[in-house]
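The values are calculated or read from the model by the stated rules, or taken from the named source; none is laboratory data. Everything numeric in this text was worked out from a predicted model, so none of it was measured. Every residue, glycine as well, gets a Cβ built from its backbone with ideal geometry; the counts of neighbours run over all protein chains shown.
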Amino acid sequence: QVSLKLGCGNLKLPVLTQRKNFAPLALSWMSPSSAAGFEGVSDRSDLQDFSVCSSDSFWAAVARQRLSWIRPFHTVQDCDLSQGRIRWFEGGKLNVSVNCLDRHVHTCPERVAVIWERDEPKSEVKLSYRQLLEMTCRLGNLLRRRGVKKGDCVTIYMPPCPLAVASMLACARIGAAHNVVFAGFSADALAERIRDAQSSTVITVNQGVRGGKVIELKKTVDAAIQSCPTVQQVFVAMRTENPVVMTAKDVAMEEEMAKEDTVCEPAGMDSEDTLFLLYTSGSTGKPKGLVHTQAGYLLYAALTHRYVFSYHDGDVFSCVADIGWITGHSYSVYGPLANGGTTVLFESTPIYPDPGRYWEMVQRLKINQFYGAPTAIRLLLKYGDKWVHKYDRSTLKTLGSVGEPINTEAWEWYHRVVGQGRCPVVDTWWQTETGGICIAPRPADPDAEIVPGMAMRPFFGIKPVLMDTEGKVVTSNDTSGALCIAQPWPGMARTIHNDPQRFTETYCQPYPGYFFTGDGAYRSKEGYYQITGRLDDVINVSGHRIGTAEIEDVLCSAVAESAVIGFSHSIKGQGIYAFVVLKKSIDVQEADVTRQINDMASKKIAKYACPDYIQFAQRLPKTRSGKIMRRVLRKVVDSELEGLGDLSTLDDPEVVQEIIQGHHDLL
Ligand code: WT7
């Protein structure tokens, strides 16, 4: 008997050896150049050129070498970016969970697959590849027995924990897609995502625990499914000892899993079958369910994980993002597990129980690669160096940053204080849409120069281009432009669930033939890239992406009119500034409306959607055709009054003075 500590409830699992009915391919983990033997490629910078210029040969070789196929693919890619058609490795069949688990169980069953760093410090739980496979198989069998079929979509609303990983992999095992919803989202936001994904099964925990606080996740699911007619069953795992009210739809997950077999036949999936949906914000109110598929996504996550972070066998890798974001998908789960690595799942916060949490964890778990967000680094920097110095960080080899631009001060502190000046800091640029890292300092050369605050160089197979305002490719250096990617790569999202039209319009049509990222970038004299921020109405609050229109949608029921914009915030990166015009007809107090706005933003979206500032105005600056001039509002908030620009199209130029005065009064 082996006891798996799943939160408090211990699940006793009999030890069974997996039947050897799906032999993995022999894998070599040599560098791609020497292993693949590409013609004319003698070093890793040649390899970068080769990966872009002979993209098909590169990806075909890497896909054969790195993935275990049930049936080989016959076509490397069939893509036409101008049509929004993206297909990789067609004809191929594989199973992602076999690639992440079974093949490692064959070679090293007792290697640690996941270390669950629970919220309670010093209570980590380790699971071997064999244990994670057994957990996944039991859950796969349970899902199958309870009617989940290939092609269904299961919504997962859980904090980072082994059962969440097993849930994702169990879906992959039986061919269902998963839809992980960040457990900080409100019931309304969860319901919207369940409805759009048409899930009949939801997986959650009784309660979450974060920063010492208990979070009622099961209650949130109960509230959400009131408006989700498709939901037939809710699997509930026990993270705490506190019982929760179980309804007829609820399934006690550990109890039912204990009855299942530890062997579960993997479904053979086509390369282009959906692996998961992940909702993210765009510039309109409705979140988009980006679709990622099996082979290309997994390959790209695995390859970037290995080369961007210089991950070597036996290293302990830790990505502290939540599994509810793409970062958690690609670098807490799929990338490390496909590589047979050891991955840390972080359930807590950077300052619980104190601001030394990350570094105490690094010391205790002997972490080799640490991947986190600039917002947390900026926060910890303010608490001072002593929290870092207290702990031994000599195991650290690479430090990563993701989610938003990292300012030079934070970069330097991360490098000098956390990494003792000896660990390269890799600022990685990518998006939910790109599936994995696209621009990062050292994909092709582990000794390459790194400039603080720059994402630097494209990854293998990535060809970034900058576009000018006329939609033409900028060829010179030391210039800025709209960041596009000139050719498809295996990790990119395939479409938007239920809305393929929106996918093509958003990403493929702005610059026909190119993938448009929505970000602006600067290319230095040396040809290095620096990301300058979004070009659309999407803002980035503590690494959480949110559309200003989404917040405006929420506000519109409380006020007559609103305009939400992002402003530069010293810790969060960007903060939320809302201009609102009260409804004329009713007599309301500003304080009441403020409270109402905050309640609604956290109820409809999440806590991080609450505005930092609410400015009450009599009216908003508009053009004669009635469009709000956000440019003017942005300049006012950024205190760039000289740069207000052309105001001749304004309906009434006096509004600007009112807005400036109101802004002044608020600060
Ligand atoms: C947006 C994507 C996939 C990472 C987690 C966020 C911004 C991401 C960087 C970076 C500057 C960055 C971009 C991007 N972003 N990484 N290293 N430097 N900006 O994923 O929620 O899909 O957000 O985050 O604006 O478009 P996401």
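Some notes on this structure:
- Residue within the stretch 389-399 that is more than 16 Å from the ligand (Cβ to nearest atom), more than 26 Å from Pro159 (Cα to Cα) and part of a helix (DSSP H, G or I) present: yes
- Val308 vs. criteria crowded, with 22+ Cβ neighbours inside 10 Å, within 12 Å of the ligand (Cβ to nearest atom) and at pLDDT 95 or above: yes
- Taking residues in the stretch 360-375 that are closer than 21 Å to Arg306 by Cβ and among the charged types (D, E, K, R), and partners anywhere that are more than 15 Å from the ligand (Cβ to nearest atom) and at pLDDT 95 or above, the pairs with Cβ atoms closer than 6 Å and at least 6 places apart or on different chains are Lys366/Val316; Lys366/Thr395.
- Selection from the stretch 395-413 of residues that are within 10 Å of Thr428 (Cβ to Cβ) and at pLDDT 95 or above: Gly400, Ser401, Val402
- Of everything listed in (1) within 14 Å of Val564 (Cβ to Cβ); (2) in contact with a strand residue (DSSP E or B) (Cβ under 7 Å, 6 or more places away or on another chain); (3) of a type outside the set (Phe, Trp, Tyr); (4) crowded, with 19+ Cβ neighbours inside 10 Å, the single unmet condition for Pro621 is (1).
- Selection within the stretch 632-667 - loosely packed, with under 11 Cβ neighbours inside 10 Å, in a loop (DSSP other than H, G, I, E, B) and acidic (Asp, Glu): Asp646
- Among residues of the stretch 310-338, those that are among the aromatic types (Phe, Trp, Tyr) and closer than 18 Å to Glu404 by Cα, counted: 2
- In the stretch 490-510, the qualifying residues are those that are assigned to a loop (DSSP other than H, G, I, E, B) and surrounded by fewer than 21 Cβ atoms within 10 Å (Cβ to Cβ), and the one that is nearest to the ligand (Cβ to nearest atom) is Pro510.
- Verdict on Gly518 being out of contact with any helix residue (DSSP H, G or I) (no Cβ under 7 Å at 6 or more places or on another chain), outside any strand (DSSP E or B) and on the phi > 0 side of the Ramachandran plot: no
- Near pairs, Cβ below 7 angstrom, 6+ apart or cross-chain, from the stretch 402-422 (aliphatic (A, V, I, L, M)) to any residue that is in a loop (DSSP other than H, G, I, E, B) and within 16 Å of the ligand (Cβ to nearest atom): Val402/Ala373; Ile406/Gly453
- Residue in the stretch 285-295 that is over 12 Å from the mean Cα position of the chain (by Cα), of a type in the set (Lys, Arg) and buried (at least 23 other Cβ atoms within 10 Å of the Cβ) present: yes
- Any hit, the stretch 553-561, residues being touching a strand residue (DSSP E or B) at 6+ places or on another chain (Cβ under 6 Å), buried (at least 17 other Cβ atoms within 10 Å of the Cβ), not in a strand (DSSP E or B) and not polar (S, T, N, Q): yes
- Tabulated pairs, the stretch 152-165, first more than 19 Å from Ser200 (Cβ to Cβ), second modelled with pLDDT under 95, C-beta under 8 angstrom, 6+ apart or interchain: Cys161/Leu6; Cys161/Gly7; Pro162/Leu4; Pro162/Leu6; Leu163/Leu6
- Candidates Ile351, Ile367 - the one that is more than 16 Å from the ligand (Cβ to nearest atom), of a type outside the set (Gly, Ala, Ser), surrounded by fewer than 22 Cβ atoms within 10 Å (Cβ to Cβ) and in a loop (DSSP other than H, G, I, E, B): Ile351
- Output for the stretch 110-133, where each listed residue is touching a residue at least 40 places away in the same chain (Cβ under 8 Å) and part of a loop (DSSP other than H, G, I, E, B): Arg111, Arg118, Asp119, Glu120, Pro121, Lys122, Glu124
- Taken over the stretch 63-91, the criterion of being touching a Gly at 6+ places or on another chain (Cβ under 9 Å) and either assigned to a helix (DSSP H, G or I) or among the aliphatic types (A, V, I, L, M) (or both) is satisfied by Ala63, Leu67, Ile70, Leu81, Ile86.
- In this structure, Thr136 does not qualify as at pLDDT 95 or above, touching a helix residue (DSSP H, G or I) at 6+ places or on another chain (Cβ under 8 Å) and assigned to a strand (DSSP E or B).
- Qualifying helices (runs of 4 or more DSSP H) (wholly inside the stretch 201-317; at least 3 residues being out of contact with any Cys (no Cβ under 9 Å at 6 or more places or on another chain), free of Cβ contacts under 8 Å to residues at least 60 places away in the same chain and over 30 Å from Ala60 (Cα atoms)): 217-225
- Considering residues of the stretch 527-554 that are among the charged types (D, E, K, R) and more than 20 Å from the chain's Cα centre (by Cα) only, the residue nearest to Ala455 (Cα to Cα): Glu552
- Within the stretch 403-449, if we keep just the residues that are among the hydrophobic types (A, V, I, L, M, F, W, C) and in a loop (DSSP other than H, G, I, E, B), the residue that is nearest to the ligand (Cβ to nearest atom) turns out to be Trp430.
- Within the stretch 522-545, being within 9 Å of the ligand (Cβ to nearest atom), touching a residue at least 40 places away in the same chain (Cβ under 8 Å) and assigned to a strand (DSSP E or B) holds for Gln530, Ile531, Thr532, Gly533, Val538, Asn540, His544, Arg545.
- Against the test of being touching a helix residue (DSSP H, G or I) at 6+ places or on another chain (Cβ under 8 Å), surrounded by fewer than 24 Cβ atoms within 10 Å (Cβ to Cβ) and modelled with pLDDT of 95 or more, the options Ala166, Ala187 yield a single qualifying residue, Ala187.
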